[in-house]
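> Supplied in structure tokens, the structure appears directly below.
The values are calculated or read from the model by the stated rules, or taken from the named source; none is laboratory data. Quick caveat, the model's predicted, so the values are computed rather than measured. Here the Cβ positions follow ideal geometry from the backbone for every residue, glycine too, while neighbour counts run over all protein chains shown.
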Amino acid sequence: MLLDAYESGGLKGVVELIEATSGNTGLAIIVLARYFGIFRATLVVQSDLTIGKKDPIELSFFGKLSFIPPDEGHSGIVTARLRGKAPGFLNLGQYDNIHNKDLHVLYTGPEIFKAVPDVCLYVGGTGTGGTTYGIMEFLRQHVENVKSLGIFCEPDQKVPGVRDFKRMVEITFPWQSGIDFSMEVSTRRHITLPMAQLA
């Protein structure tokens, strides 16, 4: 997403990135941002962002980093979109950016195929759907009849990095095309469910 913004001229005048994240994309963005000359970032996060995710983000950034909650009455996604329109700010928009999936087509999918060339089922937690979308775009070109199982939260449950179907409405790139089957899990079940039960 950063490379696409750079190549299209979208980084001109940008001094700060702002992104809604559960941690993973935020970490990736801040690690790469400095290579594009950006040393300020604001991450819109929920109050329950774990220390295990927050600490690596803080340790990885060589610049000014801020964590803020969503604006009142708005989701984190909307907050980042609105604030990203201010001069000098940019919201890459992982929730509507079709390039969300690109690295998974180029790297994650091939790594899975290399490790398990006869893979028949990919199971993944669904945050934006970009990971599964990209992985399956690659695997479907190389493995006959491979399927995917997208894991979602049950309503009002919390699983780090995983959304429920209601919250997926905010994601506007075609993430659904990467998922063949879906399954909802509770907070407790996602920790305790043996993989054998998914087969």
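> I'd like the full set of residues that are assigned to a helix (DSSP H, G or I) and either on the phi > 0 side of the Ramachandran plot or without any contact (Cβ under 8 Å) to a residue 60 or more places away in the chain (or both), limited to the range 4-47.
Y6, E7, G26, L27, A28, I30, V31, L32, A33, R34, Y35, F36
> Residue pairs, Cβ under 7 Å, 6 or more apart or interchain, first in the range 177-188 and in the same structural domain as G134 (by TED's automatic domain parsing) and farther than 14 Å from V146 by Cβ, second polar (S, T, N, Q) and part of a loop (DSSP other than H, G, I, E, B). List them.
S186/Q157; T187/Q157
> Counting only residues that are aromatic (F, W, Y) and surrounded by fewer than 20 Cβ atoms within 10 Å (Cβ to Cβ), how many does the range 81-105 have?
The qualifying residues number 1.
> Here is a further query. Select from the range 144-172 the residues that are at pLDDT 90 or above, assigned to a strand (DSSP E or B) and more than 15 Å from S75 (Cα to Cα) and list them in ascending order.
Selection gives K147, S148, L149, G150, I151, F152, C153.
> May I ask you to list pairs of residues, at least six apart or on different chains, whose Cβ atoms are under 8 Å apart, with the first in the range 107-125 being in the same structural domain as G178 (by TED's automatic domain parsing) and on the phi < 0 side of the Ramachandran plot and the second being of a type in the set (G, A, S) and in a helix (DSSP H, G or I)?
T108/G134; G109/G134
> Next question. Quick check on my filter: what residues within the range 60-80 are surrounded by 17 or more Cβ atoms within 10 Å (Cβ to Cβ) and in contact (Cβ under 8 Å) with a residue 60 or more places away in the chain?
If the condition is that a residue be surrounded by 17 or more Cβ atoms within 10 Å (Cβ to Cβ) and in contact (Cβ under 8 Å) with a residue 60 or more places away in the chain, then I77, A80 are the ones that fit.
> Tally up the residues in the range 48-57 that are more than 14 Å from the chain's Cα centre (by Cα), surrounded by 10 or more Cβ atoms within 10 Å (Cβ to Cβ) and assigned to a helix (DSSP H, G or I), please.
Final tally of qualifying residues: 4.
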